[in-house]
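Following: one structure in structure tokens, then a few remarks.
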Amino acid sequence: MGSRAEFTYVLPLDLKNIAGPNTNFMDFYAGALLAADTLKKMGYDITINLIDQYAYSSVEDMVSSGILSDKKLIIGPVKSQDMAYLLPYTDDDATVVSPVDLNGDKFVSSNINYIQVPPAQKAQVENLVDLLVSKSSLENSIMVIYEKDGADGAMVKAILDMLDTKGVLYNTFSYGILEGRGVMDKIMYALEPGLENLVLVPSTSEAFVSDVVRNLNLLHTNPATEKKRAITLFGTAKWRNFETIEVDYFHRMNLHLTLPYYVDYTSPVVKSFLMKYRALFNGEPTPYTFQGYDITMMSCGFEQITLQSKYKFKKDNAGDGMRNTGTTNIVYNKDYTISVI
């Protein structure tokens with residue numbers, strides 16, 4: 001007899017809505033069902049309990065109904081404000097998984113059986129700094145360029161503190177978005193002419209990143225030897241969503257990113273999943289589909305068989321729950337491919 005596994009999903013499906021259910025979490029559930037099918041083929045006896053959160057007037061109503069009283073693995077609710085009410089009323093031996101809300105990280109320190117799946121920004125920043133440091137050597141120089149008085153001041157400080165803690169030598173350069181064309185020459189003189197410059201731009205502002213990357217590209221491709229600078233670029237996960245920056249720049253300067261989610265479409269596991277999903281649903285999976293699959297597989301102990309997530313769980317103290325600190329490192333190659341590193 002194979003192993004048994006029971007999953008309880010608390011999702012805001014809104015199945016009775018005349019306008020149609022919540023498509024994101026229907027996609028999530030479709031991914032969970034495909035993971036359950038995979039587990040069945042691996043010999044598991046699977047039980048799935050699906051709870052539509054909107055079938056109840058409130059989370060309080062759902063909890064008081066007793067529907068969760070004997071459940072040992074609960075995936076959801078998806079919003080941290082709903083999770084805040086649910087956690088005090090779950091059984092002591094029940095594991096509760098937060099599947100998509102970054103704000104759920106605040107519950108880790110007070111709930112021993114709690115699992116926070118989305119990696120918090122702190123973990124993303126730490127992994128980005130580790131990636132940068134792993135590429136450093138005597139043959140290159142580290143430069144951090146950030147926006148003067150920008151909205152990302154806390155992230156900038158955290159990164160500089162981490163570099164200081166690691167004893168890494170680096171230089172900084174900051175400027176305001178309205179400082180004009182003279183900025184490029186200032187950046188040029190701040191960078192090392194005879195070394196590979198590892199340039200980290202800790203910013204989530206598309207306007208600022210666009211300006212920095214444009215200036216760096218002009219330096220990187222400058223035909224004048226005395227002005228040309230060798231540059232390898234490092235950025236934040238949000239850059240993947242920017243629409244106004246030429247992707248060519250990313251490839252020319254080998255942009256390195258640390259991402260909470262990334263689907264490698266060259267992976268055999270991903271290719272197999274896509275074929276199965278298309279055959280069953282006659283469409284394309286979404287990030288929510290991948291998340292439903294990954295979390296279901298992870299909950300059965302298969303952290304490595306994932307589609308878009310990396311799992312590296314950490315417990316800070318004995319009484320804490322676990323938070324995921326896993327991310328995926330990618331690089332934009334000069335041949336216009338993207339590689340996982």
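The values are calculated or read from the model by the stated rules, or taken from the named source; none is laboratory data. Predicted, not measured: the structure shown is a model, and the values here were computed from it. Glycine gets a Cβ as well: all are built from the backbone with ideal geometry, and neighbour counts include every protein chain shown. Quick note on the areas: whole protein, heavy atoms, side chains included, nothing else; ligands and nucleic acids left out. Shrake-Rupley method; radii C 1.70, N 1.55, O 1.52, S 1.80 Å.
Conditions first: (1) touching a residue at least 40 places away in the same chain (Cβ under 8 Å); (2) open to solvent by less than 40 Å² (accessible area, probe 1.4 Å); (3) among the hydrophobic types (A, V, I, L, M, F, W, C). Residue 158 passes all but one, so which condition is the exception?
Among (1) touching a residue at least 40 places away in the same chain (Cβ under 8 Å); (2) open to solvent by less than 40 Å² (accessible area, probe 1.4 Å); (3) among the hydrophobic types (A, V, I, L, M, F, W, C), residue 158 violates only (1).
Which fully enclosed strands (runs of 3 or more DSSP E) of the stretch 112-227 have 1 or more residues being in contact with a Gly (Cβ under 7 Å, 6 or more places away or on another chain) and within 30 Å of residue 92 (Cα to Cα)?
Output list reads 114-116.
Pairs, please: C-beta under 9 Å, at least 6 apart or cross-chain, first residue modelled with pLDDT of 85 or more and of a type outside the set (Ser, Thr, Tyr) and in the stretch 168-184, second open to solvent by 40 Å² or more (accessible area, probe 1.4 Å) and assigned to a strand (DSSP E or B)?
173/146; 176/147; 177/147
Confirm whether residue 88 is part of a helix (DSSP H, G or I), surrounded by fewer than 20 Cβ atoms within 10 Å (Cβ to Cβ) and without any contact (Cβ under 8 Å) to a residue 60 or more places away in the chain.
So residue 88 fits the description; yes.
When you check residue 310 against the structure, is it buried (at least 21 other Cβ atoms within 10 Å of the Cβ), basic (Lys, Arg) and either at pLDDT below 95 or within 30 Å of residue 196 (Cβ to Cβ) (or both), yes or no?
Yes.
With among the β-branched types (Val, Ile, Thr) and either at pLDDT 95 or above or closer than 26 Å to residue 269 by Cα (or both) as the only criterion, which of 48, 18 stands out?
None of the others qualify; the one that does is 48.
Return the residues of the stretch 132-142 that are open to solvent by 10 Å² or more (accessible area, probe 1.4 Å) and either among the β-branched types (Val, Ile, Thr) or within 14 Å of residue 312 (Cβ to Cβ) (or both); say none if nothing qualifies.
Passing the criteria: only 133.
So which of 265, 249 ends up being closer than 30 Å to residue 187 by Cβ and open to solvent by 30 Å² or more (accessible area, probe 1.4 Å)?
After ruling out the rest, the residue left standing is 249.
Looking at the structure I just gave you, is residue 114 aromatic (Phe, Trp, Tyr) and open to solvent by less than 20 Å² (accessible area, probe 1.4 Å)?
For residue 114, the condition - aromatic (Phe, Trp, Tyr) and open to solvent by less than 20 Å² (accessible area, probe 1.4 Å) - is met.
Among what's in the stretch 28-54 and is among the hydrophobic types (A, V, I, L, M, F, W, C), farther than 14 Å from residue 3 by Cα and touching an Asp or Glu at 6+ places or on another chain (Cβ under 9 Å), pick the residue that is most open to solvent (accessible area, probe 1.4 Å).
48
When the stretch 276-305 is examined, which residues are found to be at pLDDT 95 or above and under 22 Å from residue 339 (Cα atoms)?
285, 286, 287, 290, 291, 294
Could we say that residue 289 is of a type in the set (S, T, N, Q), surrounded by 18 or more Cβ atoms within 10 Å (Cβ to Cβ), touching a residue at least 12 places away in the same chain (Cβ under 8 Å) and over 30 Å from residue 112 (Cβ atoms) here?
Considered against the rule, which asks whether it is of a type in the set (S, T, N, Q), surrounded by 18 or more Cβ atoms within 10 Å (Cβ to Cβ), touching a residue at least 12 places away in the same chain (Cβ under 8 Å) and over 30 Å from residue 112 (Cβ atoms), residue 289 comes out as yes.
Among the residues of the stretch 35-85, count how many are in contact with a strand residue (DSSP E or B) (Cβ under 7 Å, 6 or more places away or on another chain) and free of Cβ contacts under 8 Å to residues at least 12 places away in the same chain.
Of the residues in the stretch 35-85, 1 are in contact with a strand residue (DSSP E or B) (Cβ under 7 Å, 6 or more places away or on another chain) and free of Cβ contacts under 8 Å to residues at least 12 places away in the same chain.
Consider residue 70 carefully, then state whether it is surrounded by fewer than 18 Cβ atoms within 10 Å (Cβ to Cβ) and within 21 Å of residue 3 (Cβ to Cβ).
Yes: the conditions hold for residue 70.
For the stretch 292-306, which residues satisfy the criterion of being among the hydrophobic types (A, V, I, L, M, F, W, C), open to solvent by less than 10 Å² (accessible area, probe 1.4 Å) and over 17 Å from the mean Cα position of the chain (by Cα)?
Hit for the stretch 292-306 is 297, nothing else.
Restricting attention to the stretch 91-111, report how many residues are hydrophobic (A, V, I, L, M, F, W, C), open to solvent by 10 Å² or more (accessible area, probe 1.4 Å) and not in a loop (DSSP other than H, G, I, E, B).
2
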